[in-house]
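A short worksheet on the structure shown next.
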Amino acid sequence: MKFRIVNLGQVGSTQVEMRARIGAGEDVTGLCLRAEAQLAGTGRRGTAWSSPPGGSYQSVGLGPQAWPWLTLALGVGIAGELGVLPGAPRVLVKWPNDLYLAEMKLGGILTEVVSGQVIAGVGVNVTNPVGEGATRLEGQSVDAVSEAVLTGLANGLELAAAGGPAIQQSFEAVDLLAGRTVDVTLGDPAEPHGSVTGVARGVSVTGGLVVAVSGAKEPIVIQTGHIARFGKIT
C-alpha cells in the first residue's frame with residue numbers, strides 16, 4: 001500500500017483527527033496523518049499516551065479488512081523495520097500491541113474500526129523525553145523512524161492477508177512474552193472480567209495469547225485481554 005502523508009504539526013491526537021475525517025465521509029485508505037506532538041494522545045485502554053516533541057506519531061488508514069490478528073501482524077512488520085535501522089537494537093512485540101526494547105516500552109499500536117474503515121495509530125519514542133519503564137530509539141531521526149513505521153505497516157498488512165497461521169509463525173521471532181510468567185486481565189479493556197496467571201506460549205492462529213496454566217491439561221487461548229504483569233523467562 002502506498003501512503004499519502006499529511007503533516008499536522010501539533011494536534012490533540014492524530015487518531016481523533018482520523019476519526020473526524022471518517023465522520024465527515026472521507027475514505028481514509030492510504031492516508032497518513034503525522035504530528036510533531038500530540039496534546040491528547042491515547043493508548044489502547046483509553047489511557048493518556050505522552051506525546052511530546054521528538055517522537056514519531058502517526059495514524060494511518062488501512063482499508064476495510066479487520067482481521068482479528070491484524071494488530072499482531074502490524075507489530076511484526078513494524079518491529080522488523082525498526083530493527084534494521086542503522087545501529088538499531090532488536091525490537092520485540094508484547095502481545096497484543098506494544099513495542100519493546102529489552103524490558104522497556106518503546107511504543108504502541110492502536111487499531112480501531114470506524115464506520116467500516118480500519119485505522120492504526122502508532123507512536124514510537126525517538127528523541128522525546130520518556131518516563132519510568134519506557135525507552136527510545138537512541139541515535140535515530142524522527143523522519144527515519146516514521147518512514148520505517150510506514151513500511152512496517154505495509155508489510156504487516158500483507159502479512160495479515162496471508163492468514164492466521166502465517167501470523168503465528170512470524171510472531172515467534174519478535175515475541176517478548178514467550179516463556180515468561182504473565183498475569184492477564186481478561187476481556188475488553190473497558191470491561192474486564194477476571195484474570196489468568198500462567199506461562200505465555202506464543203499466539204494462536206486467531207491471534208490470541210496462548211497461556212499454559214498450572215493444573216490445566218491444555219493451554220488456554222486469550223483472545224482479548226491486557227498484560228498486567230510479566231516476569232522473566234522460565
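The values are calculated or read from the model by the stated rules, or taken from the named source; none is laboratory data. Source: prediction; values computed, not measured. Cβ placement follows ideal geometry from the backbone for every residue including glycine, while neighbour counts extend to all protein chains displayed. These area figures cover heavy atoms from the full protein model, side chains too; ligands, DNA and RNA do not enter into them. Shrake-Rupley method; radii C 1.70, N 1.55, O 1.52, S 1.80 Å.
Structure values in brief
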read-out	value
Selected residue (criterion: surrounded by the most Cβ atoms within 10 Å (Cβ to Cβ)) from residues of region 103-121 that are of a type in the set (Gly, Ala, Ser) and within 18 Å of the chain's Cα centre (by Cα)	Gly107
Residues of region 184-205 satisfying the condition of being modelled with pLDDT of 95 or more and in a loop (DSSP other than H, G, I, E, B)	Ser204, Val205
Boolean, Arg21 is charged (D, E, K, R) and surrounded by 18 or more Cβ atoms within 10 Å (Cβ to Cβ)	yes
Cross-chain or 6+ apart pairs with Cβ under 8 Å, region 8-25 first and within 17 Å of Val124 (Cβ to Cβ) and small (Gly, Ala, Ser), then open to solvent by 50 Å² or more (accessible area, probe 1.4 Å) and not in a loop (DSSP other than H, G, I, E, B)	Ser13/Thr42
Qualifying residue in region 122-131 (condition: under 25 Å from Arg21 (Cα atoms), open to solvent by less than 10 Å² (accessible area, probe 1.4 Å), in contact with a Ser or Thr (Cβ under 6 Å, 6 or more places away or on another chain) and of a type in the set (Val, Ile, Thr))	yes
Residue in region 132-165 that is surrounded by the fewest Cβ atoms within 10 Å (Cβ to Cβ), counting only those that are farther than 15 Å from Ile78 by Cβ and touching a Lys or Arg at 6+ places or on another chain (Cβ under 9 Å)	Gly133
Selected residue (criterion: modelled with the lowest pLDDT) from residues of region 34-52 that are exposed (fewer than 15 other Cβ atoms within 10 Å of the Cβ) and not hydroxyl-bearing (Ser, Thr, Tyr)	Arg45
Pairs where the first residue, in region 141-152, is at negative phi and the second is assigned to a helix (DSSP H, G or I), C-beta under 6 Å, 6+ apart	Ala148/Glu81; Ala148/Leu82; Val149/Ile78; Thr151/Glu81; Gly152/Gly77; Gly152/Ile78; Gly152/Glu81
Condition check for Tyr57: among the aromatic types (Phe, Trp, Tyr) and either free of Cβ contacts under 8 Å to residues at least 40 places away in the same chain or open to solvent by less than 10 Å² (accessible area, probe 1.4 Å) (or both)	yes
